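Take a look at this one; I'll ask things after.
Where a number appears in this text, it was derived from the coordinates with a stated rule and is not lab data. In this text the structure is predicted, and so the values were computed from the model without any measurement. Please note: Cβ atoms are built from the backbone with ideal geometry, for glycine as well, and neighbour counts cover all protein chains shown.
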Amino acid sequence: MRDADPSTNEREFLLAALKDGARIDGRKFYDFRTLRLTFGAEYGAVEVQLGNTRVLAKVSCEVIRPYTDKPTEGFLMFNTELSPMASAAFEVGRQTDEEVLVSRLIEKAMRRSRALDTEGLCIVAGEKVWSIRVDIHFLDHDGNLVDAACIAAITALLHFRRPDVTVVGEDVTIHTLEQRNPVPLSIHHIPICTTFAFFNNGERMIVDPSFLEEQVKEGDMTVTLNVHKEVCALSKAGGIPMEIDQILQCTKIAVVKVAEITAQIQAALEADAKKR
Amino acid sequence: MASITTEEESKLLIVLPGDQLPESGLMEDSSAAHRLTLGPGLAPMDDDSITAVKAGILKHNAVGNRWWVESNQRRYVAAQGESIIGVVTGKSVEHYKVDIGASQPALLGVLAFEGATKRNKPNHNIGDLLYCRVSMANKDMEAELECMNPTTGKADGFGELKGGFVIKISLGLARRLLDPKNLVLRLLGQHIPFEMAVGTNGKVWVNSANAQHTILICNAIRNSEYLNSAECSAMVKSLVEKM
Amino acid sequence: MSRLDRTRTSAHQLRPFFSSQNLLNRADGSAQFDFGESSVMCSVVGPAEVKLRDEKLDRATIEVVVRPLVGLPGIKDKAREQALRETLEPLVLSGLHPRTGIQIVVQTMKDDGSILATAFNATILALLDAGIPLKSILGAVTCIVDAETNQILLDPTTQELANAKSTHTFVFDNKSSITSDSTQEDKEAVEVSTLYSDSTGLFSEEEYFECAQICYKAVQAVHGFIRTAVQKKLEKEQQQIHS
């Protein structure tokens, strides 16, 4: 079932309001919606709410044999299948363009930016490595799935603890959670995506578009940065052409947003650690 | 004979699917001539019992001995005589196809407007917002719409809604907005002049002098769903103060 | 007697319930149901448009999608889809909405055993939230026969399931009748039927019927909980009118 297009009234009102300096949900142009992070009792599970957009990330791990050409490297895998729970427009078993874009972006932001130390996942070189799997479940789609999924994935990875192991010669012992405290993953940096949407021939740009804003937008761009002001990924797939200055401006805005979000993630993780 | 009391009772009588209503309670007097009318949410079952099929509040109207369940949902199911807001999604020689949020698009005859003739009829485009009346609805066919009062042939406010903004709310909240005593609308009206159209399909159209006001009104309506009177007053007050 | 789940003192004790309805804004109905640290979210869309090849001329098509917490959907999830669909098909009055589709998506949020029972309870709450017409509500509970002690443990955790000799999941409907002097409390239960029963492992006939009895008793608590949850939501919606 396809999503219904917005009416002309909604479209025109949204654009007129943006010209007037207002967004339809009362936000300022460069405001994210309220971000809420909820952890479960288990390690590595987090539910992210970005306004009405909801994403659940769950990290799990298993021991597998590494590739022969990379004997010391562990695995990091993402599952970003779009669930029909988020929107009836997402069908089971049929990959939409949107799904490919979301999954590529997450992949670029997290894996290719080397956020996780995959060498640190090695148990016995050439024999046993950890494979870390991140399942991202989209529960409710009210726009900007990418940013929400990215926050969910990195927060879940930061929250996750894998079982401790001891290696004596060839023997590998995996300790249960009761025997030994599990160990956190070694994470180099925290990449955070900031998505911009463009309107009025690219003159107006906003952060964290809602679903209606996404339906009306002329183009978008996602900037992935970490708190050290390093660009991890930059993605602009089509849409209206942009000025170079504008890209720089987006990056500058993203720097501020990334600092805020990173601080919130860390505060949430600390609060959760205290409860345990 | 004891009968089920609803309105008289201060406590709401809430029913869930599977709750059976005893016949003795339904019939006010036991004469066989007395008729019983079942509304939404109630259905006769195979075993001849009358059973609730939706979760909601059991309601009764002594006139015609009507019984129904007042429930809430978000998906619209077209019902004859209701006023709804739809979006034009297609047009052919005889009909407009209108999305009314139901399982299938509804049909609106190109001549179902006030004073429309073959030579002189309004022209609507895809994406236009229309306030219409459901002229025919049943479970097996697409619903049919009209943009006029069928008895007088006058527009009576039906037709295209120009400008403004639309929000989607639950059907229960839409029905409550149609209550002339509705609190949130009265409170908003004290501060901001605005016009609105409420579709029983959960679509609400709002228009006011400027965008900020319209946004505020839409937010206030959305927020009012689960608030009591005091909370509602406080919510509107805080929104108006922030303006 | 002691359980592996240290939070509980008795074998027939269920974990604390939690539920929440109308959580998702894109679905027509949604709910979350928890048995302790097992949690399932369910969304319902419909009666909505249905693909032509799935269309049924006399009733609604019910589609169930079960999504695991970890990994891609497998055989276990397909089996759960089938269990849910075949249990719900006779319960939903699908004849009221011919040529439409009702899509139910079930997502495990936290897994600490008894997921199928949790999923059943989440689904019924989501269907009630969506206002899908139903013949009755249902309630589900899982129990195991412990391999060492031969004791029947209700609502087992993942840890307890590992020690199970056999596992049994039961789903019962809940039809009740509002008596003449109706108050909320004295609804008489009329014949209750088993809607679904699934057993795995080695067990005797005696054990099976004992499990059924114990689960039946436990389900009453689930039914009561569902009723209270729906009641609270309705009262909240209505508080502006009836206060």
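What whole-number distance in Å separates the alpha-carbon centres of region A:201-276 and region B:171-206?
36
What is the sum of charges around C:Asp112, taking Lys and Arg as +1, Asp and Glu as -1, for the other residues whose C-beta is under 14 Å from the C-beta of C:Asp112? Could the numbers behind the result be given before it?
Details: positive: A:Lys58, C:Arg3, C:Arg6, C:Arg8, C:Arg15, C:Lys110; negative: A:Glu42, C:Asp5, C:Asp34, C:Glu37, C:Asp111, C:Asp155, C:Glu160.
Surrounding charge for C:Asp112 is -1.
Test of understanding: ordering B:Met136, A:Met1, B:Met243 by Cβ neighbours within 10 Å, fewest first, what list do you get? If you can, show how the numbers build up before the last one.
Values: B:Met136 15, A:Met1 18, B:Met243 10.
With the fewest neighbours first, B:Met136, A:Met1, B:Met243 line up as B:Met243, B:Met136, A:Met1.
Next question, about the same structure. Please compute the net charge surrounding B:Gly163, taking Lys and Arg as +1 and Asp and Glu as -1 over other residues with Cβ under 15 Å from its Cβ. Before the final figure, lay out each step's value.
Values: positive: A:Arg11, A:Lys19, B:Lys162; negative: A:Glu10, A:Glu12, A:Asp20, B:Asp128, B:Glu160, B:Glu195.
Local net charge: -3.
A further question follows. Return the lysines within reach of B:Lys242: Cα separation strictly under 16 angstrom, same-chain partners fewer than 8 residues apart disregarded; answer none if there are no such residues.
A:Lys28
Net charge near A:Glu243, counting Lys/Arg +1 and Asp/Glu -1 over other residues with Cβ under 15 Å of its Cβ? Walk me through the numbers on the way to the answer.
Working: positive: A:Arg204, A:Lys236, A:Lys252; negative: A:Glu203, A:Glu218, A:Asp245.
Computed value for this residue: 0.
Could you list A:Arg11, C:Arg6 in order of exposure, starting from the residue whose Cβ has the fewest other Cβ atoms within 10 Å?
On the way: A:Arg11 15, C:Arg6 7.
With the sparsest Cβ surroundings first, the list reads C:Arg6, A:Arg11.
What is the Cα radius of gyration of region B:83-160 over 2.2 N^0.38 Å, N being its residue count? All intermediate terms of the calculation are to be shown ahead of the outcome.
Working: Rg = 11.5 Å, N = 78, 2.2 N^0.38 = 11.5 Å.
Its radius of gyration relative to the 2.2 N^0.38 Å reference: 1.00.
Would you mind getting me the FRET efficiency between B:Asn228 and A:Val167? Use the beta-carbon distance for r and R0 = 60 Å, nearest 0.05.
Working: r = 62 Å, r/R0 = 1.04.
Efficiency for this residue pair is about 0.45.
By average Cβ neighbour count within 10 Å, what is the ranking of C:154-161, A:31-38 from highest down?
On the way: C:154-161: 20.4, A:31-38: 15.8.
In decreasing order of mean packing, C:154-161, A:31-38 become C:154-161, A:31-38.
Rank these for me by crowding, B:Phe113, A:Phe199, C:Phe18, going from fewest to most other beta carbons within 10 Å. Could the numbers behind the result be given before it?
On the way: B:Phe113 23, A:Phe199 20, C:Phe18 13.
Ranked by crowding around the Cβ, least crowded first: C:Phe18, A:Phe199, B:Phe113.
If the limit is 29 Å between Cα atoms, which of A:Lys217/B:Lys168; B:Lys139/B:Lys181; A:Lys108/A:Lys128; A:Lys19/B:Lys203 go over it? Each step should come with its number before you reach the end.
On the way: A:Lys217/B:Lys168 20 Å; B:Lys139/B:Lys181 33 Å; A:Lys108/A:Lys128 26 Å; A:Lys19/B:Lys203 25 Å.
Violating the 29 Å Cα-Cα cut-off are B:Lys139/B:Lys181.
Between A:His228 and B:Asn138, with labels modelled 7 Å along Cα→Cβ, what's the label distance in nm to one decimal, could you check?
7.2
Once you average over the residues of C:19-29, how many Cβ atoms of partner chains fall within 10 Å of each Cβ? Please list the in-between numbers first.
Values: counts 0, 0, 1, 6, 5, 9, 10, 16, 9, 7, 3.
Partner Cβ neighbours, averaged per residue: 6.
Within region A:43-68, name every residue whose backbone N is under 17 Å away from a label modeled 7 Å from Cα of A:Ala271 along the Cβ vector.
Residues passing the 17 Å test: A:45-51.
Taking each residue in A:3-15, count the Cβ atoms of any other chain within 10 Å of its Cβ, then average. What number comes out?
Details: counts 1, 5, 5, 3, 16, 9, 13, 8, 1, 5, 10, 2, 0.
Mean inter-chain Cβ contacts per residue within 10 Å come to 6.
Related question: Could you pull out which residues in region C:131-168 have an amide N less than 18 Å from a spot 7 Å beyond the Cα of A:Thr176, following the Cα-Cβ vector?
C:146-149, C:156-165
Evaluate the Kirkwood expression for the hydrodynamic radius of region B:165-242, namely the inverse of the mean inverse distance over all pairs of different C-alpha atoms, and round to one decimal in Å.
On the way: mean 1/r = 0.0809 Å⁻¹.
Roughly 12.4 Å, rounded to one decimal.
Further question: For C:Lys56, put the label point 7 Å out on the Cα→Cβ axis and report which residues of region C:72-104 keep their amide N under 12 Å from it.
Flagged as within label range: C:85-102.
Please provide three numbers in whole Å: the alpha-carbon extents of the protein assembly as shown along the principal axes, with the largest listed first.
93, 77, 51
If packing is taken as the average count of other Cβ atoms within 10 Å, what order do B:54-67, A:84-97, A:216-229 fall into, highest mean first? Don't skip to the end; give the middle numbers.
Details: B:54-67: 18.0, A:84-97: 16.5, A:216-229: 19.6.
The packing order, highest mean first, is A:216-229, B:54-67, A:84-97.
Further, regarding this structure: In percent, what relative contact order does region B:162-243 have, based on Cα pairs under 8 Å that are 6 or more apart in sequence? Before the final figure, lay out each step's value.
On the way: 90 pairs, mean separation 28.3, N = 82.
Normalised by residue count, the contact order of region B:162-243 is 34 percent.
Per-residue counts of other Cβ atoms within 10 Å, averaged by peptide: what ranking do you get for A:143-154, B:178-189, C:95-106, highest first? Write down the numbers at each step before the final one.
Working: A:143-154: 27.3, B:178-189: 15.9, C:95-106: 22.5.
Going by the mean number of other Cβ atoms within 10 Å, highest first, we get A:143-154, C:95-106, B:178-189.
Find the cysteines in chain A that fail to meet the 4.7 Å Cβ criterion with every other cysteine, and list them.
A:Cys61, A:Cys122, A:Cys232, A:Cys250
Looking at region C:17-238, what % of the alpha carbon pairs are farther apart than 29 Å? The partial results should precede the final answer.
Working: 6620 of 24531 pairs.
Summing the P(r) tail past 29 Å for region C:17-238 gives 27 percent.
Which of the lysines could a cross-linker bridge to C:Lys165, judged by Cα under 29 Å and excluding same-chain residues fewer than eight apart?
C:Lys76, C:Lys78, C:Lys110, C:Lys217
Hey, another quick one. Would you mind checking the pairs B:Lys97/C:Lys51; B:Lys118/B:Lys154; A:Lys229/A:Lys274 and listing those with alpha carbons more than 24 angstrom apart? Write out the running numbers ahead of the final one.
Working: B:Lys97/C:Lys51 18 Å; B:Lys118/B:Lys154 17 Å; A:Lys229/A:Lys274 29 Å.
Result: A:Lys229/A:Lys274 exceed 24 Å.
Roughly how many whole Å is it from the C-alpha centroid of region C:153-167 to that of region A:82-139?
Here the two parts' Cα centres lie 32 Å apart.
I've got another one for you. Taking a cut-off of 18 Å between Cα atoms, list the aspartates and glutamates near A:Lys236, but don't count ones fewer than 8 places away on the same chain.
Correct list for A:Lys236: A:Asp97, A:Glu98, A:Glu99, A:Glu107, A:Asp147, A:Glu203, A:Asp208, A:Glu213, A:Glu214, A:Glu218, A:Asp220, A:Asp245.
Give me a single rounded figure for C:226-234: the average over its residues of other chain Cβ atoms within 10 Å of their Cβ. Walk me through the numbers before you get to the answer.
Values: counts 2, 5, 1, 1, 7, 5, 1, 4, 10.
Per residue, the average neighbour count from other chains is 4.
What nm value, rounded to one decimal, do you get for the distance between A:Arg114 and A:Arg11 when each label is placed 7 Å out toward the C-beta?
That separation, rounded to one decimal, is 4.7 nm.
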